[in-house]
Amino acid sequence: MRALLLAMSGVRVHDAGLRALGLTLPGFVERGKVIASLPSLGLLTLAAHTPPHWELAYREVDALDEAAWAELDSGGFDLVAISSLTARIEDAYRIADRLRARGTRVVIGGLHATALPQEALSHADAVVQGEGERAWPRLLADLEANRLQPLYSSPSDRTLVHHFEEARVPRYDLLDPSRYNRLTLQTTRGCPLDCEFCGASRTFSSYKQKPLPQVRRELEAIRAVWPRPFVELADDNTFAAKGWGRRLAELLGEFDLRWFTETDLSVADDEALLQALSRSGCAQLLIGLEAVTPAALEGVDSRRFKADRAAGALERVQRIQSHGIAVNGCFVLGLDGDDERAFERILDFVDRSGLCDVQITLLTPFPGTPLYRKLTEEGRLPQRRFWDRCTLFDLTYQPRSMSADALLTGFRELMRALYSPEATGRRRTRWRQMTRQRLRGQAAEG
């Protein structure tokens with residue numbers, strides 16, 4: 001039996017103004033290349049849970065050449081498994097329809113299919129909703145026995161809920177590491193916060209941590225294919241649990257690698273964790289600041305976690321970076337509490353805080369999120385499907401506190417100001433100066 005694991009990565013921004021800016025703004029272009037170059041960890045994980053009598057291939061859809069498409073069209077695989085985010089789900093559906101018309105069985109999974117399984121099922125023979133580690137072997141057995149079910153759902157069937165104690169090492173050996181600038185590894189799944197716009201934190205599972213001996217095995221597997229890798233942790237909030245996070249940082253520090261992850265601002269409040277991160281090879285933390293005033297963050301999460309920390313955000317960013325850990329501050333424009341002064345406030349915060357890097361996105365109502373449900377109830381979403389515009393850089397809803405034109409104009413101007421060669425150069429120069437100053441201080445103390 002032969003199966004193809006087909007990854008749909010990368011995004012295509014529709015906004016013509018942003019596309020034009022992207023040609024000249026180095027920070028924006030570089031971050032886009034990083035995102036597009038990540039392999040699909042979900043598919044590599046399914047590969048690890050595949051019975052040995054199945055022959056597997058892993059492909060990125062944008063890398064398929066004419067010969068690969070000819071093999072697909074000829075029915076060279078018994079099953080094609082497609083994983084896609086919302087922004088590329090329409091592409092995934094077109095490919096699935098093409099393959100099924102030629103007699104190939106298709107299964108679709110991922111965040112979008114989890115949010116809208118019945119929609120995905122209209123283009124597939126089966127859909128995996130939620131976690132796939134337990135569903136995948138059952139699906140393959142059902143296919144072999146000619147009893148394939150339309151839906152394999154961990155939210156509905158508790159026997160399909162995955163436990164990290166059963167984790168297997170993803171099949172990194174299926175990759176050509178020369179095609180990527182980093183490899184991914186998941187140490188936690190889910191997030192204890194409930195930000196209304198988050199399309200990932202609670203869609204697949206509740207928050208849970210992977211046993212550290214398993215993390216070690218996965219790091220060793222990455223090192224086997226790439227001796228000195230750059231690793232991106234595919235986590236929503238790695239250091240939500242501080243004690244476990246300190247032990248993870250110590251483990252990462254045992255390996256000769258550089259790494260990156262996402263977490264929340266509370267990491268700044270744990271000095272022992274900051275010291276462990278500083279020793280561990282941590283290159284950067286992406287932290288979702290979202291906005292810079294409590295008023296703009298009102299209602300973003302039910303616990304007011306982010307609103308309550310807005311006033312001290314600048315000092316916390318500086319504290320993290322004083323340990324040699326670069327912070328990539330992530331801001332979301334178009335929150336209901338944002339007005340037209342939001343752009344100026346963010347620009348001022350970036351300058352005063354000394355952020356090493358910055359990422360700005362537009363608020364995006366991904367299906368399955370509380371934000372999507374709220375905007376639907378308020379009549380602020382378009383009537384047609386807008387999945388291909390869920391890129392984080394295209395406007396897909398009616399803003400509350402400013403006009404759509406004001407939001408788009410302000411967003412483009414902010415992007416131009418933040419990502420110009422001059423601004424990017426200033427941030428990098430300032431970061432190098434901070435790093436040299438910190439190293440001189442350490443040498444003096446030593």
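The values are calculated or read from the model by the stated rules, or taken from the named source; none is laboratory data. Keep in mind the model is a prediction, meaning the values are calculated, not measured. Cβ sites come from the backbone with ideal geometry, for glycine too, and all protein chains shown count toward neighbours. Accessible surface areas use protein heavy atoms only, side chains included; no ligands, DNA or RNA. Shrake-Rupley method; radii C 1.70, N 1.55, O 1.52, S 1.80 Å.
Does residue 423 satisfy the criteria of being farther than 25 Å from residue 194 by Cα, within 26 Å of the chain's Cα centre (by Cα), of a type outside the set (S, T, N, Q) and not in a loop (DSSP other than H, G, I, E, B)? So residue 423 fits the description; yes.
Residue 414 meets the conditions (1) open to solvent by 10 Å² or more (accessible area, probe 1.4 Å); (2) in a helix (DSSP H, G or I); (3) in contact with a strand residue (DSSP E or B) (Cβ under 9 Å, 6 or more places away or on another chain) in every case but one. The failed one is (1). Considering region 59-85, and only residues there that are in a helix (DSSP H, G or I) and among the charged types (D, E, K, R), the residue that is nearest to residue 172 (Cα to Cα) turns out to be 62. Is it true that residue 396 is touching a Phe, Trp or Tyr at 6+ places or on another chain (Cβ under 6 Å), closer than 30 Å to residue 120 by Cβ and of a type in the set (Val, Ile, Thr)? Judged against the criteria, residue 396 is a match.
Select from region 351-362 the residues that are touching a residue at least 60 places away in the same chain (Cβ under 8 Å) and not hydrophobic (A, V, I, L, M, F, W, C) and write down the one among them that is nearest to residue 416 (Cα to Cα). Here the answer is 359. Take residue 337 and tell me if it is closer than 22 Å to residue 312 by Cβ, small (Gly, Ala, Ser) and out of contact with any strand residue (DSSP E or B) (no Cβ under 9 Å at 6 or more places or on another chain). So residue 337 fits the description; yes. In the set 390, 356, only one residue is crowded, with 20+ Cβ neighbours inside 10 Å, more than 30 Å from residue 91 (Cα to Cα) and under 21 Å from the mean Cα position of the chain (by Cα); that residue is 356. If we scan region 173-190, do we find a residue that is of a type in the set (Lys, Arg), under 19 Å from the mean Cα position of the chain (by Cα), in a strand (DSSP E or B) and crowded, with 17+ Cβ neighbours inside 10 Å? Within region 173-190, one or more residues are of a type in the set (Lys, Arg), under 19 Å from the mean Cα position of the chain (by Cα), in a strand (DSSP E or B) and crowded, with 17+ Cβ neighbours inside 10 Å. Here residue 239 meets each of (1) within 30 Å of residue 390 (Cα to Cα); (2) assigned to a helix (DSSP H, G or I) with one exception, condition (2). The set of residues in region 341-353 being of a type outside the set (S, T, N, Q), more than 19 Å from residue 401 (Cβ to Cβ) and open to solvent by less than 10 Å² (accessible area, probe 1.4 Å) consists of 350 alone.
Comparison of 368, 425, 441, 379 shows that the only residue that is surrounded by 17 or more Cβ atoms within 10 Å (Cβ to Cβ) and of a type outside the set (A, V, I, L, M) is 368. The single condition among (1) within 22 Å of residue 232 (Cβ to Cβ); (2) hydrophobic (A, V, I, L, M, F, W, C); (3) modelled with pLDDT of 95 or more; (4) open to solvent by 30 Å² or more (accessible area, probe 1.4 Å) that residue 85 does not meet is (3).
Table: residues versus (1) touching a residue at least 60 places away in the same chain (Cβ under 8 Å); (2) within 23 Å of residue 283 (Cβ to Cβ); (3) part of a loop (DSSP other than H, G, I, E, B); (4) among the aliphatic types (A, V, I, L, M).
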position: 345; (1), (2), (3), (4): no, no, no, no
position: 348; (1), (2), (3), (4): no, no, no, no
position: 364; (1), (2), (3), (4): yes, no, yes, no
position: 376; (1), (2), (3), (4): no, no, no, no
position: 379; (1), (2), (3), (4): no, no, yes, no
position: 383; (1), (2), (3), (4): no, no, yes, no
position: 388; (1), (2), (3), (4): yes, no, no, no
position: 392; (1), (2), (3), (4): yes, yes, yes, yes
